[in-house]
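The values are calculated or read from the model by the stated rules, or taken from the named source; none is laboratory data. This one's a predicted model, so the numbers in the text were calculated from it and none came from an experiment. Cβ atoms come from the backbone with ideal geometry, glycine included; neighbour counts cover every protein chain shown. Heads up: the accessible areas ignore ligands, DNA and RNA and are worked out on the full protein's heavy atoms, side chains in. Shrake-Rupley method; radii C 1.70, N 1.55, O 1.52, S 1.80 Å.
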Amino acid sequence: SVAPPAVIDVASANAGPFESDQPPAGAVDVVDLDLSPAPRIVSVVDVTPPLATESTADQAPVIQVLGPVRILHARGELEVDRRSQLTEIAAILVLNPGIDHNQLDEMKWPNARLLERTRNSAVYKLRRWLGDNDAGDPYLPKIGRDGYRFAAAVRSDWNLWQDLLPDGPATASTQDLAAALELVTGQPFAGAKKRTYGWAERIKQDMI
């Protein structure tokens, strides 16, 4: 028999499509329930050297997917038990700019029913982790009519690869080929579980 879809929260919400993704008072991230006495907050200081194509003067976050998935140069605070969940959401958003809240829900939590506050809480925590630029603007603005979009300075290593090799490797210079190869730290999405990264299978094959 076919198992019924996972139920994340039996309640429902009717907020509009452009609701604030600030978590309401008492909101709980019930998808990745943390039963510890209190969330462990760390102040993240990323000492990772900049990517080959990245100016040392601009330490905007970079989402790595050409290898193990991780976020470099985040400026804010992170609940360490949420690292894997928030990293996946960041990968979804940077590789699918402009998706709306329904599309995010389907990619991150397929076949699950959840309260909007669950998604909003996760997005809020990701925004807090990435932090703000020097002008005080968040690297992940609130969702607007053009969907979720990172600030222009936030890139993935796949974006950087495509910038270096817009017409493929055949016509690229040796310098650009070398810079592109320096971005690769392993197979795309190395170590990512299909159970959570099923949405990435198609783009993973394109990258390979």
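Details
- Taken over segment 175-197, the criterion of being among the β-branched types (V, I, T) and in a loop (DSSP other than H, G, I, E, B) is satisfied by V184, T185.
- Positions within segment 105-131 being touching a Lys or Arg at 6+ places or on another chain (Cβ under 7 Å) and over 22 Å from L72 (Cα atoms), in sequence order: D105
- Identity of the residue in segment 63-118, more than 17 Å from W199 (Cβ to Cβ), in a helix (DSSP H, G or I) and touching a residue at least 12 places away in the same chain (Cβ under 8 Å), that ends up most open to solvent (accessible area, probe 1.4 Å): R117
- For the residues A179, A192, the requirement of being at pLDDT below 95 and closer than 21 Å to L66 by Cβ singles out A192.
- Tallying residues that are part of a helix (DSSP H, G or I) and of a type in the set (F, W, Y) within segment 119-157 yields 2.
- When residues of segment 158-171 are limited to those that are in a helix (DSSP H, G or I) and of a type outside the set (A, V, I, L, M), the one surrounded by the fewest Cβ atoms within 10 Å (Cβ to Cβ): T171
- Unique residue being β-branched (V, I, T) and either open to solvent by less than 30 Å² (accessible area, probe 1.4 Å) or more than 15 Å from I63 (Cβ to Cβ) (or both) when the list is T185, T174: T174
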